[in-house]
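Reading through the structure tokens given below for one structure.
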Amino acid sequence: MALLEVKNLKKIYTTRFGGNQVQALKNVNFSVEKGEYIAIMGESGSGKTTLLNILASLDKPTSGTVLLSGKNLTTIKEKDISAFRRDNLGFVFQDFNLLDTFSLEDNIFLPLVLSGKTYSEMNDRIRPLAKKLGIEDILKKYPYEVSGGQKQRCAVARALITKPQIVLADEPTGALDSRSTDELLKLFSDIHEDGQTILMVTHSTRAASCASRVLFIKDGEVFHQIYRGDMTDQKMYQKISDTLTVLATGGEPHE
Ligand SMILES: Nc1ncnc2c1ncn2[C@@H]1O[C@H](COP(=O)(O)OP(=O)(O)O)[C@@H](O)[C@H]1O
Ligand SMILES: [Mg+2]
């Protein structure tokens, strides 16, 4: 069984007064095996955020199913959703979403506090993680005291501390300079190598070229996929660029 199965996913937004309908997702189908590192690309308006919001159980599809380890996300009861999200999913956002009145350590602890873990258990979990992410020395600092790259590494720590089944990332490098981008991508590759499943929406060809598979969304459907196989990052980069050109000019991708 795949870790994540997305079947016949459709999303139609209806404006408040019922007048206009926008079909954001037409028919999306794909599955993700445990341990994969997936990048999702597509032009603005192609449905990426809509898809990610549904996978994050922040929004419901109009029809279709999303199974995570066989559990149907689209039918979880409203009262169980936040606990489900906290226990199974990790999130990394472009704008970090750290709370400024909390130290970095407390930001990272937050999901564990919410699920009622003891302080000693939280401590046991943060030590190896902070070491791996190179943030041991700044844990007592506040978000406004550290760089964008350091904030993003804390956001990654917060995403990982619950040991989620899958990490969902929306433009995780979007607010980073090129050096911090490289550091974050290295980090994602490292946690992927450790077995973490990652699904990342990105505009960046450079970021996508680090993934093990790239899905291209167009007009609310999966238009094309690139599997890394034994390709190098450079070869992936070239293939992705070629596909984006084809997408932008409206042709069919060739193998
Ligand atoms: N809340 C909403 N209400 C109405 N239309 C929306 C809403 N959110 C997104 N859309 C529309 O759905 C389509 C897909 O949007 P989105 O998922 O944000 O695409 P992307 O993230 O790829 O740019 C677009 O046409 C967008 O205008
Ligand atoms: Mg978007």
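Computed values, structure above
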{"read-out": "Residue tally, condition within 21 Å of TYR13 (Cα to Cα), within 17 Å of the chain's Cα centre (by Cα) and away from ligand 1 (no atom under 16 Å from the Cβ), over the stretch 58-82", "value": "1"}
{"read-out": "When residues of the stretch 6-31 are limited to those that are of a type in the set (D, E, K, R) and in contact with a Leu (Cβ under 8 Å, 6 or more places away or on another chain), the one least open to solvent (accessible area, probe 1.4 Å)", "value": "LYS11"}
{"read-out": "Failed criterion for LYS10 (all others in (1) away from ligand 2 (no atom under 16 Å from the Cβ); (2) not in a strand (DSSP E or B); (3) not hydrophobic (A, V, I, L, M, F, W, C) hold)", "value": "(2)"}
{"read-out": "Where GLU121 falls short, out of the listed (1) surrounded by fewer than 15 Cβ atoms within 10 Å (Cβ to Cβ); (2) without any contact (Cβ under 8 Å) to a residue 60 or more places away in the chain; (3) closer than 23 Å to GLY174 by Cα", "value": "(3)"}
{"read-out": "Unmet requirement for ILE40, which otherwise passes all of (1) more than 17 Å from the chain's Cα centre (by Cα); (2) crowded, with 22+ Cβ neighbours inside 10 Å; (3) of a type in the set (Val, Ile, Thr)", "value": "(1)"}
{"read-out": "Filter result for MET200 (touching a residue at least 12 places away in the same chain (Cβ under 8 Å), part of a strand (DSSP E or B) and either more than 25 Å from ASP233 (Cα to Cα) or open to solvent by less than 10 Å² (accessible area, probe 1.4 Å) (or both))", "value": "yes"}
{"read-out": "Inter-residue pairs, beta-carbon under 8 Å, first free of Cβ contacts under 8 Å to residues at least 40 places away in the same chain and among the small types (Gly, Ala, Ser) and in the stretch 49-72, second open to solvent by 40 Å² or more (accessible area, probe 1.4 Å) and more than 12 Å from ligand 1 (Cβ to nearest atom), 6+ apart", "value": "SER57/ARG85"}
{"read-out": "Test result for LEU58, touching a helix residue (DSSP H, G or I) at 6+ places or on another chain (Cβ under 7 Å), under 19 Å from PRO172 (Cα atoms) and open to solvent by 70 Å² or more (accessible area, probe 1.4 Å)", "value": "no"}
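The values are calculated or read from the model by the stated rules, or taken from the named source; none is laboratory data. Just so you know, these numbers come straight off a predicted model, no measurement behind them. Quick reminder, even Gly has a Cβ in these numbers, built from the backbone with ideal geometry, and neighbours come from all protein chains shown. Remember, those area values only see protein heavy atoms, side chains included, never the ligands or the DNA or RNA. Shrake-Rupley method; radii C 1.70, N 1.55, O 1.52, S 1.80 Å.
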